[in-house]
Amino acid sequence: MNRIHLDYNATTPLRPEAREALLGAVDGGLGNASSVHGAGRRGRAAVDEARERVAAALEVPEDSVVFTSGGTESNNLAIFGALRAGPADMCLVTSTIEHAAVQGPALHLESRSREVRWIGVDAQGALDLDALGAAVAGRPALVSVMGANNEIGSTTDLREVRARIGEDGVFHSDVVQLLGKKHLDLTGSGVDLASLSAHKVGGPIGVGVLFRRPGAPIAPTTFGGSQEAELRPGTENVPAIAAAAVAIELAVKETEAFQRETSRLTALLWDGLRSKVPGMSLNGPPIEDPTRLPNTVNVSAPAGDARTLVARLDLAGLEVSAGSACASGSLEPSHVLSALAIDPERARSGLRLSLGKASLEQDIHTCVERLGRTLGGAP
Ligand code: PLP
(Lines give C-alpha, C1' and ligand atoms only; values in the text may rest on other atoms or scores of the structure.)
Protein backbone atom coordinates (compact mmCIF):
# COMPACT_ATOMS: atom_id res chain seq x y z
CA MET A 1 0.00 0.00 0.00
CA ASN A 2 1.43 3.40 -0.94
CA ARG A 3 1.49 5.87 1.92
CA ILE A 4 -0.08 9.28 1.40
CA HIS A 5 1.53 12.08 3.37
CA LEU A 6 -0.66 15.08 4.08
CA ASP A 7 1.18 16.64 6.99
CA TYR A 8 3.47 19.17 5.31
CA ASN A 9 2.73 21.91 7.84
CA ALA A 10 4.67 19.80 10.37
CA THR A 11 7.75 19.68 8.16
CA THR A 12 8.73 19.31 4.51
CA PRO A 13 11.29 17.13 2.74
CA LEU A 14 14.70 18.67 2.13
CA ARG A 15 14.85 20.18 -1.36
CA PRO A 16 17.62 18.67 -3.54
CA GLU A 17 19.14 22.13 -4.02
CA ALA A 18 19.22 22.71 -0.25
CA ARG A 19 20.72 19.26 0.28
CA GLU A 20 23.45 20.11 -2.23
CA ALA A 21 24.23 23.36 -0.41
CA LEU A 22 24.22 21.54 2.94
CA LEU A 23 26.55 18.78 1.82
CA GLY A 24 28.74 21.20 -0.11
CA ALA A 25 29.29 23.20 3.08
CA VAL A 26 29.82 20.08 5.21
CA ASP A 27 32.39 18.68 2.78
CA GLY A 28 33.87 22.03 1.79
CA GLY A 29 36.31 22.38 4.68
CA LEU A 30 34.60 25.54 5.93
CA GLY A 31 35.91 26.70 9.29
CA ASN A 32 34.44 28.54 12.23
CA ALA A 33 33.08 31.71 10.64
CA SER A 34 34.70 33.78 13.39
CA SER A 35 38.24 32.44 12.72
CA VAL A 36 40.62 34.71 10.83
CA HIS A 37 42.41 32.02 8.79
CA GLY A 38 41.41 30.91 5.31
CA ALA A 39 38.99 28.18 6.42
CA GLY A 40 37.29 30.62 8.79
CA ARG A 41 37.07 33.27 6.10
CA ARG A 42 35.40 30.75 3.77
CA GLY A 43 32.89 29.96 6.52
CA ARG A 44 32.22 33.67 6.99
CA ALA A 45 31.80 34.12 3.22
CA ALA A 46 29.21 31.30 3.18
CA VAL A 47 27.21 32.96 5.98
CA ASP A 48 27.48 36.37 4.27
CA GLU A 49 26.30 34.91 0.98
CA ALA A 50 23.36 33.17 2.72
CA ARG A 51 22.36 36.45 4.36
CA GLU A 52 22.50 38.25 1.02
CA ARG A 53 20.34 35.58 -0.62
CA VAL A 54 17.70 35.61 2.13
CA ALA A 55 17.63 39.41 2.17
CA ALA A 56 17.24 39.57 -1.62
CA ALA A 57 14.49 36.92 -1.64
CA LEU A 58 12.53 38.67 1.12
CA GLU A 59 13.34 42.14 -0.25
CA VAL A 60 14.70 43.35 3.07
CA PRO A 61 18.05 44.89 4.08
CA GLU A 62 20.86 42.42 4.77
CA ASP A 63 21.34 43.64 8.32
CA SER A 64 17.72 42.74 9.10
CA VAL A 65 18.42 38.99 8.72
CA VAL A 66 19.42 37.22 11.95
CA PHE A 67 20.02 33.47 11.67
CA THR A 68 18.62 31.38 14.54
CA SER A 69 17.97 27.71 15.24
CA GLY A 70 14.39 27.90 13.90
CA GLY A 71 10.93 29.33 14.36
CA THR A 72 10.73 28.58 18.08
CA GLU A 73 13.97 30.38 18.88
CA SER A 74 13.05 33.32 16.63
CA ASN A 75 9.73 33.72 18.45
CA ASN A 76 11.39 33.54 21.88
CA LEU A 77 14.12 35.99 20.89
CA ALA A 78 11.58 38.42 19.42
CA ILE A 79 9.29 38.38 22.46
CA PHE A 80 11.80 38.32 25.30
CA GLY A 81 14.24 40.56 23.39
CA ALA A 82 11.66 43.24 22.57
CA LEU A 83 10.37 43.27 26.14
CA ARG A 84 13.93 43.57 27.48
CA ALA A 85 14.49 46.57 25.21
CA GLY A 86 11.17 48.21 26.15
CA PRO A 87 9.91 49.97 29.29
CA ALA A 88 9.27 47.86 32.42
CA ASP A 89 5.49 48.27 32.10
CA MET A 90 5.31 47.14 28.47
CA CYS A 91 2.50 44.61 28.06
CA LEU A 92 2.37 41.71 25.63
CA VAL A 93 -0.66 41.53 23.38
CA THR A 94 -1.11 38.23 21.58
CA SER A 95 -3.85 36.04 20.15
CA THR A 96 -5.54 32.92 21.50
CA ILE A 97 -4.52 30.87 18.42
CA GLU A 98 -0.76 31.35 18.40
CA HIS A 99 1.60 28.42 17.92
CA ALA A 100 3.05 26.99 21.15
CA ALA A 101 6.29 28.83 20.37
CA VAL A 102 4.50 32.14 21.08
CA GLN A 103 1.84 30.91 23.47
CA GLY A 104 4.51 29.27 25.69
CA PRO A 105 6.58 32.46 26.15
CA ALA A 106 3.36 34.42 26.77
CA LEU A 107 2.19 32.00 29.48
CA HIS A 108 5.63 32.05 31.06
CA LEU A 109 5.65 35.86 31.12
CA GLU A 110 2.16 35.91 32.60
CA SER A 111 3.28 33.53 35.35
CA ARG A 112 6.08 36.05 36.09
CA SER A 113 3.53 38.88 36.46
CA ARG A 114 4.01 40.50 33.04
CA GLU A 115 0.70 41.82 31.78
CA VAL A 116 -0.48 39.71 28.83
CA ARG A 117 -3.65 40.57 26.91
CA TRP A 118 -5.14 37.72 24.91
CA ILE A 119 -7.05 38.72 21.78
CA GLY A 120 -9.75 36.35 20.61
CA VAL A 121 -10.78 35.24 17.14
CA ASP A 122 -14.13 34.64 15.47
CA ALA A 123 -15.50 31.21 14.56
CA GLN A 124 -13.29 31.11 11.45
CA GLY A 125 -10.10 32.23 13.16
CA ALA A 126 -10.12 35.92 12.18
CA LEU A 127 -8.49 38.15 14.78
CA ASP A 128 -10.69 40.65 16.65
CA LEU A 129 -8.93 43.80 15.44
CA ASP A 130 -11.12 46.14 17.49
CA ALA A 131 -10.16 44.29 20.66
CA LEU A 132 -6.52 44.48 19.58
CA GLY A 133 -6.77 48.24 19.05
CA ALA A 134 -8.37 48.68 22.47
CA ALA A 135 -5.74 46.47 24.15
CA VAL A 136 -2.82 48.59 22.96
CA ALA A 137 -4.41 52.01 23.41
CA GLY A 138 -2.49 54.32 25.73
CA ARG A 139 0.12 51.85 26.94
CA PRO A 140 3.51 50.59 25.76
CA ALA A 141 2.84 47.30 24.03
CA LEU A 142 4.52 44.48 22.18
CA VAL A 143 2.03 42.85 19.81
CA SER A 144 2.78 39.30 18.67
CA VAL A 145 0.22 37.86 16.27
CA MET A 146 0.82 35.19 13.68
CA GLY A 147 0.68 35.80 9.94
CA ALA A 148 -0.89 32.41 9.25
CA ASN A 149 -2.23 29.73 11.52
CA ASN A 150 -0.60 26.29 11.21
CA GLU A 151 -3.74 24.34 12.16
CA ILE A 152 -6.66 26.00 10.41
CA GLY A 153 -4.96 28.10 7.73
CA SER A 154 -6.48 31.45 8.72
CA THR A 155 -4.29 34.46 7.99
CA THR A 156 -3.99 37.93 9.45
CA ASP A 157 -3.77 41.18 7.50
CA LEU A 158 -0.51 42.42 8.99
CA ARG A 159 -0.89 45.94 7.55
CA GLU A 160 -4.24 46.23 9.28
CA VAL A 161 -2.66 45.11 12.56
CA ARG A 162 0.04 47.75 12.19
CA ALA A 163 -2.65 50.36 11.49
CA ARG A 164 -4.43 49.40 14.72
CA ILE A 165 -1.23 49.45 16.76
CA GLY A 166 -0.08 52.83 15.47
CA GLU A 167 3.60 53.74 15.12
CA ASP A 168 4.50 53.42 18.80
CA GLY A 169 3.81 49.76 19.49
CA VAL A 170 6.36 47.07 18.69
CA PHE A 171 4.99 44.49 16.26
CA HIS A 172 6.19 40.89 15.96
CA SER A 173 4.65 38.28 13.71
CA ASP A 174 5.25 34.54 13.46
CA VAL A 175 5.18 34.11 9.68
CA VAL A 176 6.58 30.57 9.71
CA GLN A 177 3.54 29.17 7.88
CA LEU A 178 3.08 32.11 5.54
CA LEU A 179 6.49 31.84 3.87
CA GLY A 180 6.22 30.10 0.50
CA LYS A 181 2.45 29.72 0.76
CA LYS A 182 1.29 33.30 0.18
CA HIS A 183 2.99 36.52 -0.80
CA LEU A 184 5.03 37.79 2.15
CA ASP A 185 5.81 41.51 2.20
CA LEU A 186 7.79 42.10 5.39
CA THR A 187 8.62 45.71 4.60
CA GLY A 188 5.15 46.77 3.45
CA SER A 189 3.39 44.96 6.30
CA GLY A 190 4.96 47.21 8.91
CA VAL A 191 6.27 44.44 11.17
CA ASP A 192 9.28 45.21 13.36
CA LEU A 193 10.14 41.56 13.93
CA ALA A 194 9.15 38.37 12.12
CA SER A 195 9.99 34.68 12.60
CA LEU A 196 10.74 32.20 9.83
CA SER A 197 11.75 28.55 9.81
CA ALA A 198 13.66 26.76 7.04
CA HIS A 199 12.22 23.26 7.46
CA LYS A 200 8.71 24.38 6.53
CA VAL A 201 9.96 25.29 3.05
CA GLY A 202 12.33 22.47 2.13
CA GLY A 203 15.31 23.56 4.22
CA PRO A 204 16.95 21.65 7.07
CA ILE A 205 15.38 21.35 10.52
CA GLY A 206 17.06 23.47 13.20
CA VAL A 207 17.67 26.72 11.34
CA GLY A 208 15.54 29.81 10.89
CA VAL A 209 15.57 33.56 10.63
CA LEU A 210 14.50 36.42 12.79
CA PHE A 211 13.74 39.44 10.60
CA ARG A 212 14.51 42.59 12.54
CA ARG A 213 13.63 45.88 10.88
CA PRO A 214 16.77 48.04 11.11
CA GLY A 215 16.41 50.12 14.27
CA ALA A 216 13.68 47.92 15.76
CA PRO A 217 14.04 47.85 19.55
CA ILE A 218 15.35 44.45 20.64
CA ALA A 219 18.00 43.40 23.16
CA PRO A 220 19.86 40.08 23.29
CA THR A 221 18.53 37.31 25.52
CA THR A 222 21.57 35.02 25.37
CA PHE A 223 25.17 36.10 25.86
CA GLY A 224 28.68 34.96 25.10
CA GLY A 225 29.58 35.91 21.56
CA SER A 226 29.28 38.65 18.99
CA GLN A 227 27.70 36.55 16.21
CA GLU A 228 24.54 37.73 14.45
CA ALA A 229 25.00 41.32 15.62
CA GLU A 230 25.21 39.98 19.21
CA LEU A 231 21.55 39.01 19.06
CA ARG A 232 22.21 35.32 18.64
CA PRO A 233 25.63 34.46 20.06
CA GLY A 234 27.19 31.08 19.28
CA THR A 235 29.20 29.56 16.47
CA GLU A 236 27.14 29.71 13.29
CA ASN A 237 25.80 26.45 11.85
CA VAL A 238 27.27 27.26 8.44
CA PRO A 239 25.95 24.25 6.45
CA ALA A 240 22.41 24.65 7.80
CA ILE A 241 22.46 28.41 7.15
CA ALA A 242 23.70 27.92 3.56
CA ALA A 243 20.97 25.34 2.89
CA ALA A 244 18.27 27.47 4.56
CA ALA A 245 19.09 30.37 2.25
CA VAL A 246 18.69 28.18 -0.84
CA ALA A 247 15.36 26.80 0.43
CA ILE A 248 13.96 30.22 1.35
CA GLU A 249 15.00 31.66 -2.01
CA LEU A 250 13.28 28.84 -3.92
CA ALA A 251 10.17 28.92 -1.72
CA VAL A 252 9.68 32.63 -2.39
CA LYS A 253 10.21 32.10 -6.12
CA GLU A 254 7.68 29.26 -6.22
CA THR A 255 5.01 30.85 -4.03
CA GLU A 256 2.54 31.63 -6.79
CA ALA A 257 2.76 28.17 -8.33
CA PHE A 258 2.43 26.55 -4.88
CA GLN A 259 -0.61 28.65 -4.12
CA ARG A 260 -2.28 27.87 -7.45
CA GLU A 261 -1.76 24.12 -7.32
CA THR A 262 -2.46 23.51 -3.63
CA SER A 263 -5.61 25.63 -3.59
CA ARG A 264 -6.93 23.59 -6.54
CA LEU A 265 -6.17 20.37 -4.66
CA THR A 266 -7.58 21.51 -1.31
CA ALA A 267 -10.85 22.46 -3.07
CA LEU A 268 -10.98 18.93 -4.52
CA LEU A 269 -10.17 17.46 -1.13
CA TRP A 270 -12.92 19.32 0.70
CA ASP A 271 -15.45 18.52 -2.04
CA GLY A 272 -14.53 14.84 -1.84
CA LEU A 273 -14.62 14.69 1.94
CA ARG A 274 -17.95 16.36 2.38
CA SER A 275 -19.61 14.17 -0.23
CA LYS A 276 -18.07 10.98 1.18
CA VAL A 277 -18.41 11.58 4.92
CA PRO A 278 -21.84 12.68 6.18
CA GLY A 279 -21.65 15.34 8.88
CA MET A 280 -18.09 16.41 8.05
CA SER A 281 -17.44 20.05 8.96
CA LEU A 282 -14.67 22.44 7.95
CA ASN A 283 -12.84 24.33 10.71
CA GLY A 284 -11.37 27.72 9.86
CA PRO A 285 -12.04 29.97 6.88
CA PRO A 286 -14.22 28.74 3.98
CA ILE A 287 -12.32 26.93 1.23
CA GLU A 288 -13.07 29.68 -1.29
CA ASP A 289 -11.79 32.44 1.03
CA PRO A 290 -8.84 33.95 -0.91
CA THR A 291 -7.08 35.01 2.30
CA ARG A 292 -6.72 31.45 3.68
CA LEU A 293 -3.57 29.34 3.42
CA PRO A 294 -3.99 27.42 0.17
CA ASN A 295 -2.66 24.08 1.45
CA THR A 296 -4.34 23.61 4.83
CA VAL A 297 -7.67 21.91 5.52
CA ASN A 298 -8.94 21.25 9.03
CA VAL A 299 -12.00 19.04 9.29
CA SER A 300 -14.06 17.41 12.02
CA ALA A 301 -15.82 14.14 11.44
CA PRO A 302 -18.60 13.04 13.73
CA ALA A 303 -16.61 9.89 14.57
CA GLY A 304 -14.96 11.32 17.68
CA ASP A 305 -11.48 11.75 19.05
CA ALA A 306 -8.96 12.96 16.45
CA ARG A 307 -5.93 11.32 18.03
CA THR A 308 -7.48 7.86 17.79
CA LEU A 309 -8.48 8.64 14.25
CA VAL A 310 -4.94 9.77 13.31
CA ALA A 311 -3.62 6.39 14.52
CA ARG A 312 -6.28 4.50 12.56
CA LEU A 313 -5.59 6.54 9.45
CA ASP A 314 -1.88 5.85 9.84
CA LEU A 315 -2.67 2.12 9.71
CA ALA A 316 -4.68 2.84 6.57
CA GLY A 317 -1.59 4.51 5.01
CA LEU A 318 -2.68 8.10 5.47
CA GLU A 319 -0.43 10.50 7.38
CA VAL A 320 -2.31 13.47 8.82
CA SER A 321 -2.33 15.17 12.20
CA ALA A 322 -4.60 16.26 15.01
CA GLY A 323 -3.79 19.88 15.72
CA SER A 324 -0.11 20.79 15.47
CA ALA A 325 2.67 18.22 15.57
CA CYS A 326 4.09 19.94 18.68
CA ALA A 327 0.91 19.25 20.66
CA SER A 328 0.40 15.72 19.38
CA GLY A 329 1.22 14.09 22.73
CA SER A 330 -1.53 16.00 24.48
CA LEU A 331 -4.99 14.60 25.17
CA GLU A 332 -6.57 18.03 25.36
CA PRO A 333 -8.36 19.35 22.27
CA SER A 334 -6.25 21.77 20.27
CA HIS A 335 -6.15 25.24 21.88
CA VAL A 336 -6.67 26.69 18.40
CA LEU A 337 -9.90 24.81 17.76
CA SER A 338 -11.05 25.50 21.32
CA ALA A 339 -10.48 29.23 20.71
CA LEU A 340 -12.85 29.16 17.71
CA ALA A 341 -15.77 28.72 20.08
CA ILE A 342 -17.00 25.66 18.25
CA ASP A 343 -18.70 22.73 19.93
CA PRO A 344 -16.11 20.92 22.18
CA GLU A 345 -16.84 17.57 20.47
CA ARG A 346 -16.07 19.14 17.11
CA ALA A 347 -12.85 20.65 18.54
CA ARG A 348 -11.82 17.24 19.86
CA SER A 349 -12.26 15.61 16.45
CA GLY A 350 -10.36 18.21 14.36
CA LEU A 351 -8.02 16.67 11.80
CA ARG A 352 -5.42 18.73 9.95
CA LEU A 353 -4.54 17.80 6.39
CA SER A 354 -1.79 19.93 4.88
CA LEU A 355 -0.56 19.62 1.31
CA GLY A 356 2.96 20.13 0.00
CA LYS A 357 4.80 20.76 -3.22
CA ALA A 358 4.87 17.03 -3.94
CA SER A 359 1.13 16.42 -3.37
CA LEU A 360 -0.66 14.99 -6.41
CA GLU A 361 -4.29 14.90 -7.47
CA GLN A 362 -4.20 11.11 -7.14
CA ASP A 363 -3.12 11.53 -3.46
CA ILE A 364 -6.27 13.56 -2.86
CA HIS A 365 -8.54 10.88 -4.36
CA THR A 366 -6.78 8.17 -2.35
CA CYS A 367 -7.02 10.27 0.81
CA VAL A 368 -10.77 10.81 0.37
CA GLU A 369 -11.29 7.12 -0.28
CA ARG A 370 -9.23 6.00 2.78
CA LEU A 371 -10.72 8.57 5.10
CA GLY A 372 -14.21 7.65 3.96
CA ARG A 373 -13.50 3.94 4.44
CA THR A 374 -11.91 4.43 7.88
CA LEU A 375 -14.73 6.59 9.12
CA GLY A 376 -17.37 4.40 7.54
CA GLY A 377 -15.92 1.39 9.36
CA ALA A 378 -15.87 3.18 12.69
CA PRO A 379 -17.51 1.26 15.50
N1 PLP B 1 5.47 28.80 14.40
C2 PLP B 1 4.61 28.11 13.62
C3 PLP B 1 3.37 28.79 13.13
C4 PLP B 1 4.87 26.78 13.29
O5 PLP B 1 4.01 26.10 12.54
C6 PLP B 1 6.06 26.17 13.79
C7 PLP B 1 6.35 24.74 13.53
O8 PLP B 1 5.52 23.90 13.73
C9 PLP B 1 6.92 26.95 14.59
C10 PLP B 1 6.59 28.25 14.87
C11 PLP B 1 8.18 26.37 15.17
O12 PLP B 1 9.22 26.34 14.21
P13 PLP B 1 10.47 25.39 14.44
O14 PLP B 1 9.99 23.98 14.25
O15 PLP B 1 11.47 25.81 13.38
O16 PLP B 1 10.99 25.65 15.81
Name every residue in the stretch 343-359 that is touching a residue at least 40 places away in the same chain (Cβ under 8 Å), out of contact with any strand residue (DSSP E or B) (no Cβ under 7 Å at 6 or more places or on another chain) and not in a helix (DSSP H, G or I), in order of residue number. LEU355, GLY356, LYS357, ALA358, SER359
Got at least one residue in the stretch 206-213 being closer than 28 Å to ALA25 by Cβ, of a type in the set (Phe, Trp, Tyr) and either in a helix (DSSP H, G or I) or more than 18 Å from the chain's Cα centre (by Cα) (or both)? no
Determine which member of the set VAL246, VAL320 is in the same structural domain as HIS183 (by TED's automatic domain parsing), in contact (Cβ under 8 Å) with a residue 12 or more places away in the chain and either within 15 Å of SER354 (Cβ to Cβ) or touching an Asp or Glu at 6+ places or on another chain (Cβ under 6 Å) (or both). VAL246
Looking at ASP122, ASP185, which one is closer than 23 Å to VAL252 by Cβ and either of a type in the set (Asp, Glu) or not assigned by TED's automatic domain parsing to the domain that holds GLU59 (or both)? ASP185
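Determine which member of the set GLY40, GLY29 is assigned to a loop (DSSP other than H, G, I, E, B), surrounded by fewer than 19 Cβ atoms within 10 Å (Cβ to Cβ) and free of Cβ contacts under 8 Å to residues at least 40 places away in the same chain.
GLY29
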Restricted to the stretch 101-129 and to residues being in contact (Cβ under 8 Å) with a residue 24 or more places away in the chain and over 24 Å from the mean Cα position of the chain (by Cα), the residue surrounded by the most Cβ atoms within 10 Å (Cβ to Cβ) is ARG114
Determine whether GLY180 is within 16 Å of the ligand (Cβ to nearest atom), surrounded by fewer than 18 Cβ atoms within 10 Å (Cβ to Cβ) and assigned to a loop (DSSP other than H, G, I, E, B). no
Looking at the stretch 68-90, which of the residues that are under 21 Å from THR156 (Cα atoms) and surrounded by fewer than 24 Cβ atoms within 10 Å (Cβ to Cβ) is farthest from the ligand (Cβ to nearest atom)? ASN76
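For every residue, the table says whether it meets (1) more than 18 Å from the chain's Cα centre (by Cα); (2) at pLDDT below 95; (3) outside the structural domain of LEU23 (by TED's automatic domain parsing); (4) part of a helix (DSSP H, G or I).
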{"residue": "LEU196", "(1), (2), (3), (4)": "no, no, no, no"}
{"residue": "ALA219", "(1), (2), (3), (4)": "yes, no, no, no"}
{"residue": "ARG232", "(1), (2), (3), (4)": "yes, no, no, no"}
{"residue": "ALA242", "(1), (2), (3), (4)": "yes, no, no, yes"}
Report whether or not HIS172 is more than 10 Å from the ligand (Cβ to nearest atom), touching a Ser or Thr at 6+ places or on another chain (Cβ under 9 Å) and not polar (S, T, N, Q). yes
Does the stretch 189-199 hold any residues that are within 7 Å of the ligand (Cβ to nearest atom) and within 10 Å of VAL175 (Cβ to Cβ), and which are they? SER195, SER197
Please verify whether ASP63 is in the same structural domain as VAL246 (by TED's automatic domain parsing), assigned to a loop (DSSP other than H, G, I, E, B) and away from the ligand (no atom under 14 Å from the Cβ), treating the condition exactly as stated. no
Members of the stretch 254-295 found to be among the small types (Gly, Ala, Ser), assigned to a helix (DSSP H, G or I) and surrounded by fewer than 16 Cβ atoms within 10 Å (Cβ to Cβ), listed by number: ALA257, ALA267, SER275
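The values are calculated or read from the model by the stated rules, or taken from the named source; none is laboratory data. What you see is a predicted model, and the numbers here were worked out from it, not measured in a lab. Neighbour counts run over all protein chains shown; Cβ positions are idealised from the backbone, glycine included.
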